Structures are given as C-alpha cells and as structure tokens.
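A.B. asks: Sharing a structure below in structure tokens format, with a few things to ask.
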Amino acid sequence: MNAIHPFAATAAQWETPSPRVRALLSKGAEIALNAPPDWLEEIEQASLAAEGRRPIDEDPVLMAATRRATRASLMHWAVSNIDQPGVPVAPHVSPDMLDNARELVRRGATDLAFNSSRSVQNTAWQLWMNIAFSLTSDPKELQELLVVSAQSIAGFIDGTMMQIAAFMQAEREALMRGTHVDRRELVTRILEGRAVDAQQASQRLGYVLSQTHHAAVLWSEEAGTELQTLEAAAEALVRCGASRDRLTVLANAGTLWVWLAADREPDLAQLRHAIRPLPGVRVAIGARGQGVDGFRRSHLQALTTQRLLGRLHTSERVVSFDMVRLVSLMMHDADATRRFVADTLGDLATAPALLRRALLTYLRCGCNVTEAAEVLHTHRNTLLRRLARAEELLPRPLAEQRIHVAAALEVVSWDEEGE
C-alpha cells in the first residue's frame, strides 16, 4: 500500500468508485467529521508547524484563523463525501483563508500558505489511512478506497490552493500598485524640477538620490501584459547592471520606470538574452547621471529613447540613449531629416538594405574593410563589391561627405531594424 500517496497525479481520469467503496468512503467521512479532539489537534499543529512559520506564529490572530481555516476545510471535504461519496470535492476557500493569504502577501511570505497545505495534507492522509484500515480488511476494497481517497484529497487541496494562489497574485499586484502610486507622486515632483529635500525623499523612496544612476523605461505595447512580466524584466535589468540598489515606479498599466544604482551601463547583450522569454517587453536606458540632477536627466534620456523607438519601425528591444543620441537630435524636425537623408544618400536611400548596411558598418569601423567584414560576417571581397556599388549610388563622392553619409545612414538604419 505504500504506492498510494495523496500527492498522486490528480489529472488522471476520475472513475466513479464501486458502490461498496462509495459506502466505505461515506462511512469514513462520517468518522473524520466526528474525529477525536487529538486528531484535529494533530492536523492543526501540522498547519502551524510548516517550514518558515515562526514569524507568523507570534501573531495569535493569524494562528487562530489558521486553525479555523484548517478545520473548515476538513469539514467541507468530509461533508461532501458523506453526501456524494467518490465525487470530486469542489474547492473551499473560507474568509479565514483569504484573510491569512492577504496578510502573508503583505509580509512577503506567500510560500507559507503552500508549505502549510502540504503539511496538513501529509498528516491528514496518515490519519485517513487509520480510518480506511478500520473499515475493511478486503485487499481489493482497501486498495480501491485508498486510490479514490488519494485522488479526492489531492484534487480538493490542489483546487483550493489554485484559488488561493490566484487571490494572492491579485493581492500582490494591488499592493504593488498602491506602493507605486505613492512613489510616483514623489518621483514626479523630482522629475518636474520642483523643490524637494533630497534626504527626506531618499528615505521615503528607500533609494538614495545622491548616488550614481542609470534610469530605464520598461514597457510593453501588447494588450494584457501583466505587471509581473514587467517586474521580471526589471529584475533582469538589475542582474545585468550589477546594481547596488534600484527604485521601481509603475508609470501606467504597461510601463515601469526604473533607476539602478550602478556606475556602469547594464550589459545590453546580456539583457537582450534575459528578456527574450518575456514577450513584448522593451527597454530604453538613459546615460549615467549623478545626484538628483542625474536622476532626472537619465530618466528624460530614457523617455526620449522610448519615444524615438515608438516613431521608428525598429524591432530592437533593448536600446540605450547613447545608441540613438545622434538620431534623436536629428529627428526633432522629421521633415528636415527626411530631406537631409534623401539629398545625402540619393539613389542609395532606395537601394537594397545590404548596401546601406555595408557602408554604415564600414564607416563605423573607421573605414577598415577587414574589421567591417568580420562584423558583418562577410567575405572581404564581397564587402568591397558592395561598398563600390554603394558609392556609385551616392550623389557626391564619399570622401567629400563621410560624416554626412554616416549620419544619414544612422537614421535609416533604425527604420530598417524591423525589416
């Protein structure tokens, strides 16, 4: 019988037990409903003895609610099997469970709810086996009874904990949003340049404003993006930025503002890899800033980067302000920029993109053909042919306008990232 365990897969097809086993299950449920006080005490103690509960055990209100919730769950399962033995038991979430779950979210100890559930399930199963062995000595009946009981107990507890987990997630997001509202009000004052006491503001934010910062804007343009997805991206940003500390503010339903206490810019390649599993999330990063002014300036640079990406067609998901600083300056007058690009590049502006990419890489590499070929993973002779063709399409010799051509190609390259 050791093969039967309450953690057996509940996804298995549920089969209605035989009439005899249904009768045994109903009789056993009656015994459990009227269990001796020491049995109930043992189960309640199991719920209070779960790993990591010591801080909660100091609160008599939480302990009392835990006992009531445990007893209510046992009664619900027993009554259900008395009335309809062998039928899957519907989840039961009592007000005490919700109160405890809400408090555990507030204390950042949500794992305790699941640890307690596992402890109760193990203890209840041991006591239920005592009941089962007292009901019949027929091996086949006993085996069927234990199998059905294991499915019933596990299914009931799993279903209940799924509802608790969903409630905790909603509570966690509500708590985070409330905290973000308070932070945003103060941060907005700082960003607008209004007078604030930097030391007091740092204490309220839990983040030192006098240090070195890198600001970032994390957002998603996809509908229904969950806050936890953006938070996961923020955690990745911290890891890739070797940050000593961070401040996170919920700007709106799909945008987080983040400040990292770090001396260097996050590793962009590492960050791109880290957010790959987070669909739709994009990151714009400002340059390093110092103190309150740097806090504000780096954020404005991150916002500028975000807005620029919104105007372009790039598919790039992680971009720093330094990457688009020149394009940002040029895009203040979009019509003038388009005329500049057309006049500077001539027929090259409408030629195949690989020609423009070849010429831009060549210019970025200081006109070093060998280095550019390595960057493009292209044979040197192939690159030379593409460069020659690109120069033929320019309205004026490249030697006379290298800087202008590089600037024009830089603008065009961002629009071609999504192609």
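The values are calculated or read from the model by the stated rules, or taken from the named source; none is laboratory data. From a predicted model like this one, the values you see are computed outputs, not experimental measurements. Heads up, the Cβs are rebuilt from the backbone with ideal geometry, glycines too, and the neighbour counts pull from every protein chain shown. Accessible surface is based on the protein model in full, side chains and every heavy atom, while ligands, DNA and RNA are left aside. Shrake-Rupley method; radii C 1.70, N 1.55, O 1.52, S 1.80 Å.
A.B. asks: Name the helices (runs of 4 or more DSSP H) wholly inside segment 163-279 in which the number of residues that are over 16 Å from Val319 (Cα atoms) is 1 or more. Don't jump to the end; show me each part of the working.
C.D. replies: Values: elements: 198-205, 227-240, 268-274.
In segment 163-279, 198-205, 227-240 are the helices (runs of 4 or more DSSP H) which contain 1 or more residues that are over 16 Å from Val319 (Cα atoms).
A.B. asks: Output yes when any residue across segment 154-177 is closer than 30 Å to Asn130 by Cα, among the hydroxyl-bearing types (Ser, Thr, Tyr) and surrounded by 17 or more Cβ atoms within 10 Å (Cβ to Cβ), and no when none is.
C.D. replies: yes
A.B. asks: Are any residues in segment 281-340 open to solvent by 80 Å² or more (accessible area, probe 1.4 Å) and in a strand (DSSP E or B), and if so, which ones?
C.D. replies: If the condition is that a residue be open to solvent by 80 Å² or more (accessible area, probe 1.4 Å) and in a strand (DSSP E or B), then Gln290 is the only one that fits.
A.B. asks: For the subset of segment 78-100 comprising residues that are of a type in the set (S, T, N, Q) and part of a helix (DSSP H, G or I), which member is least open to solvent (accessible area, probe 1.4 Å)? Explain how you work it out, then say what you get.
C.D. replies: Of all residues in segment 78-100, those of a type in the set (S, T, N, Q) come to 80-81, 84, 94, 100.
Those left that are additionally part of a helix (DSSP H, G or I): 80-81, 100.
Values: Ser80: 33, Asn81: 0, Asn100: 24 Å².
The qualifying residue least open to solvent (accessible area, probe 1.4 Å) is Asn81.
A.B. asks: Under the condition of being touching a Lys or Arg at 6+ places or on another chain (Cβ under 9 Å) and of a type in the set (Val, Ile, Thr), which residue from segment 306-348 is nearest to Ala406 (Cα to Cα)?
C.D. replies: Only one residue tops the list, namely Thr344.
A.B. asks: Of the residues Val208, Val217, which single one is among the hydrophobic types (A, V, I, L, M, F, W, C), at pLDDT 90 or above and either open to solvent by less than 30 Å² (accessible area, probe 1.4 Å) or within 30 Å of Pro19 (Cβ to Cβ) (or both)? Walk me through it before giving the result.
C.D. replies: Values: Val208 fails: either open to solvent by less than 30 Å² (accessible area, probe 1.4 Å) or within 30 Å of Pro19 (Cβ to Cβ) (or both).
Every option except Val217 fails the conditions.
A.B. asks: Between residues in segment 371-400 that are under 19 Å from Leu345 (Cβ atoms) and residues that are in a helix (DSSP H, G or I) and open to solvent by 80 Å² or more (accessible area, probe 1.4 Å), which pairs lie under 7 Å by C-beta distance while being six or more apart or on different chains?
C.D. replies: Leu393/Asp347; Leu398/Glu391
For (1) crowded, with 16+ Cβ neighbours inside 10 Å; (2) at pLDDT below 90; (3) closer than 14 Å to Thr160 by Cβ; (4) among the basic types (Lys, Arg), each residue gets a yes or a no:
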site	(1), (2), (3), (4)
His5	no, yes, no, no
Pro19	no, no, no, no
Leu25	yes, no, no, no
Ala49	no, yes, no, no
Asp57	no, yes, no, no
Gly108	no, yes, no, no
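A.B. asks: Is there any pair linking a residue in segment 316-332 that is under 9 Å from Thr305 (Cβ atoms) to one that is acidic (Asp, Glu), with Cβ under 8 Å and at least six apart or on different chains, and which?
C.D. replies: Ser320/Glu265
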